[in-house]
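Q: Take this structure, written in structure tokens, and hold onto it; I'll ask about it next.
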Amino acid sequence: MLSKEQIAKRIARELRDGYYVNLGIGIPTLVANYVPEDIEVVFQSENGLLGMGPFPYEGEEDPDVINAGKQTVTVLPGGVFFDSSTSFAMIRGRHVHLTVLGAMEVSEKGDIANWKIPGKMVKGMGGAMDLVASAKNIIVAMMHTDKYGNSKLLKECTLPITGLQCVKKVVTNLAVLDITERGFELRELAPGVSVETVRKATEGTLIVEGDIKTMEI
Amino acid sequence: MINKAVRNAVEAIQGLKDGMTVMFGGFGLCGIPENAISAIRSAGIKNLTCISNNAGVDDFGLGLLLQTRQIKKMISSYVGENEEFERQMLSGELEVELIPQGTLAERCRAAGAGIPAFYTPAGYGTEVAVGKEVKVFNGKPHILEYAFEADFAFVKAWKGDTAGNLIYKGTALNFNHVMAMAGKITVAEVEELVPAGALDPNFIHTPGIFVQRIFQGAHYEKRIEQRTVRKKDLVV
């Protein structure tokens, strides 16, 4: 079973040289810590920053330089600031190559729900609906089940939808799965996790074909 | 050059009345018009409809106007981090309209650019699309969204001149530029106000034509919402 850091590390292997990447809040943010050394990617933060760098050194925080999670960050050489409509022009205009998001639920059709739990939590969608409506490639990073053990990989989402048929790949603490027209296709297993464990934790259609390799972390 | 400078925040909010629709720039607490918010709180103007990406925190930003129940309705994309907000929303005291962040930005830009409405893919198939016109372009469904109308826009810039030209710093640019374009009356507050001609015209973010009033804020707290740092001795 993978830790949150290991999920991020596995997703970092999907990065390609020259990619512009938007990372959501939570596990996705950690992906920035594991960029392979031989490639260069540029992180976009939808509040208006391209070329986002690591957190600042203590004492060097600038209240005018934050990321979309409102955390103080730095800007790398060659980075740039821009206004919100330009930021979403980059996103809707499909200039961003990869979006990594957290989710509460993902369906076997690639629908995603991650912005609202009726009656319990209403924080808002932020930029998630714009991101999922237009992204070229969306990877979801999340735990396979919720804290009660219920599957988060479903036939149909039960929570309010963020976007339809948009998620291409899911990386969880148990497995890597591609979403195709057939459902969740199991690609890789986390070390020490069996197909049976994934099957039990997946409510949606799970396709298992051939030998499933173990993830390289 | 037309001189748009006013003396202070009190003078800058003249004409703002109960029930008006008002834009506030900023993302989280970054780049918010702190001085205008304080002046509006002191003036006790009520029943405001506020268009702002976020709603501040309990004791800062728009949270200050929520404490005093001066806000009737919030139009935002993300409203976490504010307990008083949540309480007022769940009890029905506060109306809330949540819309996708890119749509929020574009509805501001459209308002300033004379575009009455536009189609966007964001929100199709979700609660956001309920009751909205859908049109398919290149095989993909889009929903119709309308430009905002705002009586006032309060924005915050780093530097400005008396002609209303504005320069922002860092990610404090965010919604400030598009909201400056959108307000019927746009009030800009700046950390440093200089005479027209003192700023390099090659590096202006918001041209002064969009700005009706400008003043230098008396005080900026510039509170950090999530202070995240790394230690110097760490090898990164």
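The values are calculated or read from the model by the stated rules, or taken from the named source; none is laboratory data. These numbers come from a predicted model, not from an experiment. Note that each Cβ is placed from the backbone with ideal geometry, even for glycine, and that neighbours are counted across all protein chains shown. When the accessible area is computed, the model is the full protein with side chains, heavy atoms only, and any ligands, DNA or RNA have been set aside. Shrake-Rupley method; radii C 1.70, N 1.55, O 1.52, S 1.80 Å.
Q: Would you please give the residues with an amide H less than 5 Å from that of residue B:166, counting only those at least 5 places away or on a separate chain, with H modeled from the backbone geometry?
A: So residue B:166 has HN proximity to B:205, B:206, B:208.
Q: Note down the nm distance, to one decimal, between modelled labels 7 Å out along Cα→Cβ at residue A:3 and at residue A:17.
A: 3.1 nm
Q: Just name one of A:72, A:29, A:107: the one whose Cα is farthest towards the positive end of the charge dipole of the range A:4-214 (beta-carbon charges, Lys/Arg +1, Asp/Glu -1).
A: A:107
Q: Could you do me a favour and compute the accessible area per residue for the range B:38-107, 1.4 Å probe, result in Å²?
A: 35 Å²
Q: Where in the range B:125-141 is the amide nitrogen less than 14 Å from a point lying 7 Å along the Cα-to-Cβ axis of residue B:97?
A: The answer is B:128-133, whose backbone nitrogens lie closer than 14 Å to the label point.
Q: Compute accessible area for the range B:185-232 by itself and then with all protein chains, 1.4 Å probe, and report residues whose area falls by 20 Å² or more.
A: Residues passing the criterion (a loss of at least 20 Å², heavy atoms only) are B:222, B:224, B:225, B:226, B:227, B:228, B:229, B:230, B:231, B:232.
Q: If the only charges are +1 at each Lys and Arg Cβ and -1 at each Asp and Glu Cβ, what is the size of the charge dipole of chain B around the Cα centre, to the nearest 20 debye?
A: It comes to approximately 360 debye.
Q: May I pose another question? Shape verdict for the range B:57-202, please, from the Cα gyration tensor: rounded (a/c under 1.5), prolate (a/b greater than b/c) or oblate.
A: Details: a/c = 2.44, a/b = 1.25, b/c = 1.96.
It comes out oblate by the Cα gyration axes.
Q: Of A:143, A:159, A:86, which is farthest along the charge dipole of the range A:86-168 in the positive direction, counting Lys and Arg as +1 and Asp and Glu as -1 at C-beta?
A: Value computed over the given set: A:86.
Q: How far apart, in nm, are the 7 Å Cα→Cβ label points at residue B:200 and residue A:38?
A: About 4.1 nm separates the two model spin labels.
Q: Just the number, please: carbon plus sulfur as a percent of the accessible area of the range A:4-214, 1.4 Å probe, no ligands or DNA/RNA counted. Kindly include the intermediate steps, with their values, before the conclusion.
A: Working: 4340 of 8790 Å².
The C+S portion of the solvent-accessible surface of the range A:4-214 is 49 percent.
Q: Starting from the Cα of residue B:2, move 7 Å in the Cα-to-Cβ direction to define the label point; list residues of the range B:183-215 whose amide nitrogen is under 12 Å from there.
A: So the set is B:185-186, B:208-214.
Q: Only protein chains counted, 1.4 angstrom probe. Which residues of the range B:97-113 are at least 40 Å² less accessible in the assembly than when their chain is isolated?
A: For the range B:97-113, once contacts with the other chains are taken into account, B:98, B:101, B:102 lose 40 Å² or more.
Q: What's the average, rounded to a whole number, of partner chain beta-carbon atoms within 10 Å of each residue's beta-carbon in B:69-78?
A: Average neighbour count from other chains, rounded to a whole number: 2.
Q: According to the Kirkwood expression over distinct Cα-Cα pairs, how big is the hydrodynamic radius of the range A:96-217, in Å?
A: 14.5 Å
Q: Using only alpha carbon pairs under 8 Å that are at least six residues apart, calculate the relative contact order of the range B:102-227 and give it in whole percent.
A: Taking the mean separation of contacting Cα pairs over the length of the range B:102-227, I get 25 percent.
Q: Using +1 on the beta carbon of Lys and Arg, -1 on that of Asp and Glu, and nothing else charged, what's the dipole of the protein assembly as shown about the Cα centre, debye to 20?
A: On the way: 48 positive and 54 negative charges, 114 e Å.
With only Lys, Arg, Asp and Glu charged at Cβ, the dipole is about 540 debye.
Q: Something else now. Could you work out the relative contact order of the range A:88-160? I mean the mean sequence separation of Cα pairs under 8 Å and 6+ apart, divided by the number of residues, in percent.
A: Computed over the range A:88-160, the figure is 46 percent.
Q: Hey, another quick one. Can you compute 3J(HN,Hα) from phi for each residue in the range A:47-58, using the Karplus curve 6.51 cos²θ - 1.76 cosθ + 1.60 with θ = phi - 60°, rounded to whole Hz and x for Gly and Pro?
A: Going residue by residue, I get 6, x, 8, 10, x, 5, x, x, 4, x, 5, 3 Hz, with x marking Gly and Pro.
Q: Now for a separate question. On average, how many beta carbons from a partner chain sit within 10 Å of the beta carbon of a residue in A:47-54?
A: 5
Q: Let me ask something else. Scan around residue B:20 for amide H atoms under 5 Å from its own, H built in the peptide plane at 1.01 Å from N, and keep only partners 5 or more places away or cross-chain.
A: B:49
Q: Something else: Can you give me the accessible area per residue for the range A:4-214, using a 1.4 Å probe, in Å²?
A: Solvent-accessible surface per residue comes out at 42 Å².
Q: What FRET efficiency do you get for residue B:68 and residue A:120 if R0 is 25 Å and r is their Cβ-Cβ distance, rounded to the nearest 0.05?
A: With a Förster radius of 25 Å, E is 0.35.
Q: Write down the radius of gyration of the range A:4-214 and its Dmax, each obtained from C-alpha positions, in Å.
A: 17.3, 54
Q: Moving to a separate point now. Select from A:69, A:149, A:126 the residue whose mean-square fluctuation is largest in a Gaussian network model of chain A (Cα-Cα springs shorter than 10 Å).
A: Result: A:149 has the largest fluctuation of those listed.
Q: Any idea what the dipole of the range A:1-59 comes to, in debye rounded to 20, about its Cα centre with Lys/Arg Cβ at +1 and Asp/Glu Cβ at -1?
A: So the magnitude is around 260 debye.
Q: Express the relative contact order of chain A as a whole percentage, based on alpha carbon pairs under 8 Å and six or more residues apart in sequence. Walk me through the numbers before you get to the answer.
A: On the way: 490 pairs, mean separation 41.8, N = 217.
Reported relative contact order: 19 percent.
Q: In addition: Output the Kirkwood hydrodynamic radius of the range A:5-105, Cα pairs only, in Å rounded to one decimal.
A: 13.9 Å
Q: Estimate for me the total accessible surface buried between chains B and A (protein heavy atoms, probe 1.4 Å, no ligands or nucleic acids), in Å² to the nearest 100.
A: Summing both chains' loss of accessible area gives about 4200 Å².
Q: Rounded to the nearest 5, what % of the DSSP beta bridges within the protein assembly as shown are antiparallel ones?
A: If we restrict to bridges inside the protein assembly as shown, about 40 percent are antiparallel.
Q: Taking θ as phi - 60°, what are the ³J(HN,Hα) couplings along the range A:205-216 by the Karplus curve (6.51, -1.76, 1.60), each to the nearest whole Hz, with x for Gly and Pro?
A: Per-residue couplings from phi come out as 5, 10, 9, 10, 10, x, 6, 9, 7, 8, 4, 9 Hz.
Q: Let me ask something additional. Where in the range A:88-129 does accessible area fall by at least 30 Å² between the isolated chain and the complete protein assembly, at a 1.4 Å probe radius?
A: The answer is A:88, A:92, A:115, A:122, A:123, A:125, A:126, A:129 - residues whose exposure falls by at least 30 Å² when every protein chain is included.
Q: How much of the DSSP beta bridge set in the range A:4-214 is antiparallel, as a percent to the nearest 5? Can you show the working numbers first?
A: On the way: 22 of 40 bridges.
Restricted to the range A:4-214, the bridges split so that about 55 percent are antiparallel.
Q: Other chains' Cβ within 10 Å of B:140-146 residues: what's the mean?
A: For this peptide, the per-residue mean of nearby foreign Cβ atoms is 1.
Q: May I pose another question? List every residue whose amide H lies under 5 Å from the amide H of residue B:194, counting only residues 5 or more places away in sequence or on a different chain, with H placed 1.01 Å from N in the peptide plane.
A: Excluding prolines and chain starts, which carry no amide H, the hits are B:160, B:161, B:162.
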